[in-house]
Amino acid sequence: MKQSVSFLVLFALFASQALAQSLPPEVIRYADIVLHNGKIVTVDSQFSIAQAIAVRDGKILKVGNDQAILPLAGPNTKRINLQGRTVIPGLIDTHSHLHEYGLDRFAPTMNPKLLEVKIEGRTEEEMLERLAEAAKTKKPGEWLITRIRPRNVADGFVNNRTRLDLDKAAPNNPTMVHVTDTKAMASTKALEALFKKYDSKILDLAKNSQGEFTGRIGAGVSLIFYEEIIPKPKAEDLAPVYLKELELWGAAGITTWSSSLGSEAISAFHYMDLRGMMPIRLAYTNEAGYRDNIYAESFVARFGNLIGHGTDSFWLIGISSGSTDSSYPGVCTTLSPDPKVKAREDCRLTLDNVRGRAAYTAVKNGLRITGSHSAGDKATDVLLDIIEKASAEAGFSLEQIRAKNHAIDHCTMNPRPDQIERAKKLNMMWSCAPKYLLRAERVMRDYGEEAAHRWVVPVKSILDAGGRVTWEQDNDDLGLKPFFGFHTLITRKDENGRVWGARNAVDRQTALRMATNWAAEYVLREKVLGSLEAGKWADIVILDKDYLTVPEDEIATIKGVMTIVGGKIIHQAEGF
C-alpha cells in the first residue's frame, strides 16, 4: 500500500512538472533574471534584508533567500551571482531637469543648432560686438536666440539698452537676448513676429517716456515667445540628445526622475516613449501653455484632470506654479537683512499676478501642484495661501485636499516650523535638495547663522513634526553622484567639511527612503515603485559597496555597477 501511494505521489509530481514545461510561456514560465548570493535591501515597510530576487516580465516575481529563489531559474534564466554585493531599489529623483542638462552636455557636439547662442562680455559694448558676430553666422530671417553672461553685465545690458541696439547688431534677424527665461529683450523684428499673433495692447510690454516699446520683456510675454513665436526644435532632433543624458543618469542608479516640462520637451519624450527609447522613467509636471501666459487661467480651467495618466515610462503627475522666486540669491523671504541683500530678492508669485492666478485656478479645478521651485519662506507662504484659499473656494473638504498630494520643492530657505505644520495638515510633500547645504555659508553671510542652520534643508525637522519629505538632486553634475547627495543629508557637511544644522541630519535608512518608497508617492506610483517587493516594477541597482555598513565618509564614493529598469539591464559597469 505504501509503495502504491509513493508511486502515485511521484507520478503526480512528474506529471505536474511535465505539464508546466508544456504550457505556453503566457501561462507559466521561469524567471527572466535571478540575482542571488547578495544583500537585497528591499526598503519595504520593515526595511527587510533578503538574499536573492527573481524578475519576470519586468516585475519582481519573488524576494527571499537563495533556497527559495534559485528554483525559479530555468535554462534560459539570466543568473547573476552578486557575490555578497548590496542591491537597492532604483532611485527616484523628484526634481531635476535632465532635458536641459542633456542640451548643455551633448548638444554642442551632437547638434549645436538646438542651443541658444551663448554670449559673454565684460562690458555692454563688448556684448553688442559679440551679438553682431553671432548674427553673421545666421541666414537672413533666421532667428538668433542668445543667452548673455555674466549676470551683472547682462542685467545692465537689458536695463540700459533697447531693441534699437539689437536692430543695429543683427539687422537681418529676429533676435532675442535672454538673461533668464523671464528677463529678456526682443529686437524690432522679433516684436513684429509677436504682434502678428497678439494685439500689443493686451501684452505687458515695457515702453519709454514717448510710449515706444523698448524691447524689454519679462514674465507674461517671455513664455509666449518660447511656446508660440520662436520656431521649436523637432522631437526627432531632441530625442538623441535627451537619450544620452537619460543613459548617464541610469548608469548612476537613477531609474525614475521628475521635472516640469514645456511643450517641446513633452513632445520629444512622448516621441521617445512611443518608440521604446526611454531607458529610465519620467514622471513629469506640465507647465506648457500656462506659466507666464496671459491666458493661463483659461488654459488650466480647460486642461482637464489627467493627473496620473500615462504609460509605464512617461506619465503626468501635476501642474507647476512655476518658480515662486528666483534661484539663490533671488530668494523671497520674511527676513530683513542688509538692504542690498533684500534688493536682490525676487518674489515672483503673488495671489494677483499671472502665476498666482494660474496656480489658484489649477487648484480650484482639482489639479495637483508639483514641480514648483520655492526657495524663500515668504514665497512658500504665498503658495500655501493659494492652495488653502483656492481649495476653500472650490468647497473641497480637508480629506479631498489631502488626497491631492500637493508638493513644494527645494527646501532651501524653507520651511519654517509653522509652514511644516500647515503642509502636514494639507498632506503636502517637501522635495529637498541636499545641494543647498553646499551653499549654506552664503546664506549665513546674507541672512545670519540661525537661518543657515535652521532653514536650509531641514529634513529632520519636517519628519519629526510628522511631515513627508523626498530627495532631489536638481543639478547636472551632482545628479550623477546620488550617494554624494545621501552623504550630504547624513553628515550635513559642505564641501569644506563644515556641518550645517547638525540636528537636521538623518540616518542612512531615512536618506534611502527619501529616494525610494517616499519618492514613489511623489510620482504617484507607490504601488509599483520604491521598494523591492513581489508585484512591483523591477527597477534595481547593484552597488559596488554596502551602503548600510561602509564608513560614513565612504558613502559619497558608492557607485552602481548594474542598473535594471523594468527587468531590462540598461547599465553594466566594465568588469562586472
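Out of curiosity, is V541 closer than 24 Å to I280 by Cα and not in a loop (DSSP other than H, G, I, E, B)?
It is true that V541 is closer than 24 Å to I280 by Cα and not in a loop (DSSP other than H, G, I, E, B).
Filter region 51-62 down to the residues that are surrounded by fewer than 22 Cβ atoms within 10 Å (Cβ to Cβ) and over 30 Å from the mean Cα position of the chain (by Cα) and list them by number.
Q51, K62
Report whether or not V469 is within 21 Å of the chain's Cα centre (by Cα) and aliphatic (A, V, I, L, M).
Here the answer is yes, as V469 does meet what is asked.
Under the condition of being free of Cβ contacts under 8 Å to residues at least 12 places away in the same chain and of a type in the set (G, A, S), which residue from region 387-399 is surrounded by the most Cβ atoms within 10 Å (Cβ to Cβ)?
Selected residue: A392.
Looking at region 203-250, which of the residues that are outside any helix (DSSP H, G or I) and among the basic types (K, R) is farthest from the chain's Cα centre (by Cα)?
K207
Anything in region 351-409 that is of a type in the set (A, V, I, L, M), in a helix (DSSP H, G or I) and within 18 Å of G467 (Cα to Cα)? List them, or say none.
Correct list: L383, L384, I387, L398, I401, A403.
Just give me the residues in region 508-534 being within 20 Å of T86 (Cα to Cα) and free of Cβ contacts under 8 Å to residues at least 60 places away in the same chain, in sequence order.
R508, T510, A511, listed by residue number.
Can you pull out the residues in region 514-529 that are open to solvent by 60 Å² or more (accessible area, probe 1.4 Å) and in contact with a helix residue (DSSP H, G or I) (Cβ under 6 Å, 6 or more places away or on another chain)?
Within region 514-529, E526 is the sole residue that qualifies.
Could you pull out the residue among A465, A511, A440, A505 that is surrounded by 18 or more Cβ atoms within 10 Å (Cβ to Cβ) and out of contact with any Leu (no Cβ under 9 Å at 6 or more places or on another chain)?
Of the residues listed, the single one that is surrounded by 18 or more Cβ atoms within 10 Å (Cβ to Cβ) and out of contact with any Leu (no Cβ under 9 Å at 6 or more places or on another chain) is A440.
Could you tell me whether region 477-486 includes any residue that is part of a loop (DSSP other than H, G, I, E, B), basic (K, R) and either open to solvent by less than 40 Å² (accessible area, probe 1.4 Å) or touching a Gly at 6+ places or on another chain (Cβ under 6 Å) (or both)?
No: zero hits.
Take the residues in region 547-561 that are open to solvent by less than 30 Å² (accessible area, probe 1.4 Å) and of a type outside the set (G, A, S), then tell me which one is farthest from A520 (Cα to Cα).
Per the criteria, the residue is V550.
Quick check on D418: is it of a type in the set (D, E) and either part of a loop (DSSP other than H, G, I, E, B) or under 20 Å from S323 (Cβ atoms) (or both)?
When the stated conditions are applied, D418 does not pass them.
Kindly indicate which of I490, I564, I542, I570 is under 22 Å from the mean Cα position of the chain (by Cα), open to solvent by less than 30 Å² (accessible area, probe 1.4 Å), touching a residue at least 40 places away in the same chain (Cβ under 8 Å) and within 17 Å of V34 (Cα to Cα).
The match here is I564.
List every residue pair whose Cβ atoms sit under 6 Å apart, with the two residues 6 or more apart in sequence or on different chains, where the first one lies in region 57-83 and is over 17 Å from G567 (Cβ atoms) and the second, anywhere, is open to solvent by 20 Å² or more (accessible area, probe 1.4 Å) and assigned to a loop (DSSP other than H, G, I, E, B).
From region 57-83, the pairs are N65/Q51; D66/Q51; N81/N37.
Can you confirm whether R402 is farther than 28 Å from W500 by Cα, open to solvent by 10 Å² or more (accessible area, probe 1.4 Å) and charged (D, E, K, R)?
For R402, the condition - farther than 28 Å from W500 by Cα, open to solvent by 10 Å² or more (accessible area, probe 1.4 Å) and charged (D, E, K, R) - is met.
Out of the residues in region 329-355 that are open to solvent by 70 Å² or more (accessible area, probe 1.4 Å) and in contact (Cβ under 8 Å) with a residue 12 or more places away in the chain, state the one that is farthest from I387 (Cα to Cα).
Checking each candidate, the answer is D338.
Only one residue in G479, G466, G448 is closer than 25 Å to R105 by Cα and among the small types (G, A, S), so which one is that?
G479
Considering (1) touching a helix residue (DSSP H, G or I) at 6+ places or on another chain (Cβ under 7 Å); (2) at pLDDT 85 or above; (3) of a type outside the set (S, T, N, Q), say which one E345 fails and leave the rest.
Every listed condition holds for E345 apart from (1).
Which residues, counting only those in region 405-421, are in contact with a helix residue (DSSP H, G or I) (Cβ under 9 Å, 6 or more places away or on another chain) and open to solvent by 10 Å² or more (accessible area, probe 1.4 Å)?
N405, R416, P417
The values are calculated or read from the model by the stated rules, or taken from the named source; none is laboratory data. Everything numeric in this text was worked out from a predicted model, so none of it was measured. Cβ: placed from backbone, ideal geometry, glycine included. Neighbour counts: every protein chain shown. Heads up: the accessible areas ignore ligands, DNA and RNA and are worked out on the full protein's heavy atoms, side chains in. Shrake-Rupley method; radii C 1.70, N 1.55, O 1.52, S 1.80 Å.
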